[in-house]
1. Cα centroids of the range 161-226 and the range 229-279: how far apart, whole angstrom?
2. Checking the a/c ratio against 1.5 first, then a/b against b/c, what shape does the Cα gyration tensor give for the range 154-255?
3. Bin width 5 Å, origin at 0, all Cα-Cα pairs of the range 96-204: what percent of pairs per bin?
4. Lys and Arg at +1, Asp and Glu at -1: add these up for the other residues within a Cβ distance under 13 Å of residue 246 and post the number.
5. Using alpha carbons only, how many degrees (0 to 90, rounded to 10) separate the axis of helix 90-110 from the longest principal axis of the chain?
6. Give the residue from 56, 40, 20 lying farthest towards the positive end of the charge dipole for the range 16-78; charges sit on Cβ (+1 for Lys and Arg, -1 for Asp and Glu) and the dipole is referred to the Cα centre.
7. Work out, step by step, the length gained on full extension between residue 287 and residue 62: first 0.36 nm times the residue separation, then minus their alpha carbon distance; give nm to one decimal.
8. Among the listed pairs 211/288; 79/288; 281/322, which have their C-alpha atoms separated by more than 24 angstrom in this model?
Amino acid sequence: MGAAPNQETNSFLPDKSAKVFVAGHRGLVGSAIVRKLQDLGFTNLLLRTHADLDLTHQSDVESFFSTQTPRYVILAAAKVGGIHANNTYPADFIAVNLQIQTNVIDSSYRHGVEKLIFLGSSCIYPKFAPQPIPERALLTGPLEPTNEWYAVAKIAGIKMCQAYRIQFNWDAISAMPTNLYGPNDNFHPENSHVLPALMRRFHEAKIKGFKQVVVWGTGSPLREFLHVDDLADAVVFLMEKYSGLSHVNVGSGTEVSIKELAELVKEVVGFEGEVVWDDSKPDGTPRKLMDSSMLQALGWSPKISLRDGLVGTYNWYLEHVKE
């Protein structure tokens, strides 16, 4: 059988020269993990762009692992998108994600990787999961139909890590982050998530001198946000401290209403006009909070407040995002 839930794991942090493959290093999550590892003094990060290494091609992944022989793997590569993208390209969302994770997890095991962490998403949980959502809620009910293709792939990734642990006693773990934000987020006008979308709209309204910004819904739904640098910190913590069968939720443990979020983003951006709520538009799920008590019991907690995180993210936006 696999390792006991809190079995001492081989130490990750002391070996700064170990080869660490960060799959998906250009994305929101992967780039934060790279920053964190570089700050900690890791000197041998294996980074490949999609052009360098297509993770959906099994033979290419196999060749990469046999020649590079990483010691640790952080699997942050995925095809991601909002509701519209998930509804439009369901085949891509299930096939591409299954291919990426199957190729990377299997090659990692077969080429002697010491430890792997697989990163999923809070959308793995049933649509009507209890709130806050504990790890044990997985597979207890139907998924949210708008992103079930992506969710099913991510659930398969968790189960694959568990299967390799059970059959081969191999140290593969999984972490499920809540809603993330921060540098390298997607600020696209049409297909970004709520926080970067609000930031862009308030910024553009400020630049153009608009008197008001219209936001969908009533503003009443509650959401949880975690700065991506906090997630990177949690990933390193889990690589160092955790070796168990269960996936681990990674959240901030605090909720904010969309209305409060909008007011906070408005303030950080410096938009002087008013926020108008269009309550003819849907609100979505009333509440979505992860139960991160398992991770907190291991000794980790987030460091970055929502306000500080938003200030840093807006500064990054101003430097990097073209109008």
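Each reported figure results from applying straightforward, stated rules to the coordinates on display, with no laboratory input. Source: prediction; values computed, not measured. Note: ideal-geometry Cβ built from the backbone for every residue, glycine included; neighbour counts use all protein chains shown.
1. 8
2. Numbers: a/c = 3.06, a/b = 2.83, b/c = 1.08.
Note, shape of the range 154-255 comes out prolate.
3. Going out from 0 Å in 5 Å bins, the range 96-204 shows 2, 11, 18, 18, 17, 15, 11, 5, 2, 1, 0 percent.
4. Details: positive: 136, 159, 165; negative: 135, 291.
Spelling it out: positives minus negatives among the neighbours equals +1.
5. With rounding to tens, the tilt is 30 degrees.
6. After comparing all options, I get 40.
7. 76.8 nm
8. Beyond 24 Å: 211/288; 281/322.
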